[in-house]
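The values are calculated or read from the model by the stated rules, or taken from the named source; none is laboratory data. Bear in mind the structure is a predicted one, so any value in this text is a computation, not a measurement. All Cβ positions, glycine included, derive from the backbone under ideal geometry; neighbour counts span all protein chains shown.
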Amino acid sequence: MRQTDAKLIWITGIAATAIAAILNALLVVIGVNLLGLNRDRALPPLDGPSAVVMFTVVFLLLATLVFWVIARRSPAPVRTFRTVTVIGLLVSFLPDLWLLTQPGAGPGEVILLMLTHVVAAAVIYGAFARRFA
């Protein structure tokens with residue numbers, strides 16, 4: 001992999017991270033209002049957009065690192081990253097599903113959290129697939 005490719009990977013990943021963070025912040029604000037959640041009792045990630053933005057940024061920067069590593073080693077990095085993204089998305093649902101066993105967490109809240117994972121995965125995969133396919 002050339003140095004310019006690595007730079008392009010990081011530029012693409014950071015841009016996708018910013019887009020996903022904005023979309024997830026909007027999703028949480030709209031979703032919490034549509035569900036009519038009591039903010040005093042909401043799950044911590046849903047008591048405002050800042051927690052969702054933080055998790056989105058951290059995990060999508062990690063996903064960018066993963067794509068960079070895959071691009072260095074794989075002859076088909078986009079295809080390999082798609083597999084990693086799908087597996088990562090499915091694994092990311094496990095903590096959300098566990099929340100259903102906790103008091104105060106309803107199905108609407110859990111689905112909203114899961115949607116933030118779907119948005120993040122779709123944005124980061126889409127960005128790399130468009131740029132490097």
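Worth a mention:
- Only residues that are modelled with pLDDT of 95 or more and surrounded by 15 or more Cβ atoms within 10 Å (Cβ to Cβ) were counted across the stretch 94-113, and they come to 0.
Residues are listed down the side, and each one gets a yes or a no for (1) loosely packed, with under 12 Cβ neighbours inside 10 Å; (2) closer than 17 Å to LEU61 by Cβ; (3) at pLDDT 85 or above:
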{"position": "GLN3", "(1), (2), (3)": "yes, no, no"}
{"position": "LEU8", "(1), (2), (3)": "no, yes, yes"}
{"position": "ALA18", "(1), (2), (3)": "no, yes, yes"}
{"position": "ALA25", "(1), (2), (3)": "no, yes, yes"}
{"position": "VAL29", "(1), (2), (3)": "no, no, yes"}
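- Set ALA105, ALA120, ALA127: member being under 16 Å from ILE9 (Cβ atoms) and aliphatic (A, V, I, L, M): ALA127
- For the stretch 83-133, a tally of residues being among the polar types (S, T, N, Q) and in contact with a helix residue (DSSP H, G or I) (Cβ under 7 Å, 6 or more places away or on another chain) returns 3.
- Verdict on LEU46 being modelled with pLDDT under 95, closer than 24 Å to PRO107 by Cβ and within 17 Å of the chain's Cα centre (by Cα): yes
- A Cβ distance below 9 Å, combined with a sequence gap of six or more or placement on separate chains, defines the contacts here; from the stretch 19-33, residues that are within 20 Å of PRO107 (Cα to Cα) reach residues that are of a type in the set (D, E, K, R) and outside any helix (DSSP H, G or I) in the pairs VAL32/ARG39; VAL32/ASP47.
- Residue match in the stretch 60-74 (condition: surrounded by fewer than 17 Cβ atoms within 10 Å (Cβ to Cβ), farther than 20 Å from HIS117 by Cβ, touching a residue at least 24 places away in the same chain (Cβ under 8 Å) and more than 18 Å from the chain's Cα centre (by Cα)): yes
- Residues (on the phi < 0 side of the Ramachandran plot and over 18 Å from the mean Cα position of the chain (by Cα)) located in the stretch 100-124: LEU100, THR101, GLN102, PRO103, ALA105, GLY106, PRO107, GLY108
- The stretch 105-133 residues that are small (Gly, Ala, Ser), paired with ones that are modelled with pLDDT of 90 or more and surrounded by fewer than 15 Cβ atoms within 10 Å (Cβ to Cβ) (beta carbon under 7 Å, 6 or more apart): ALA127/ALA15
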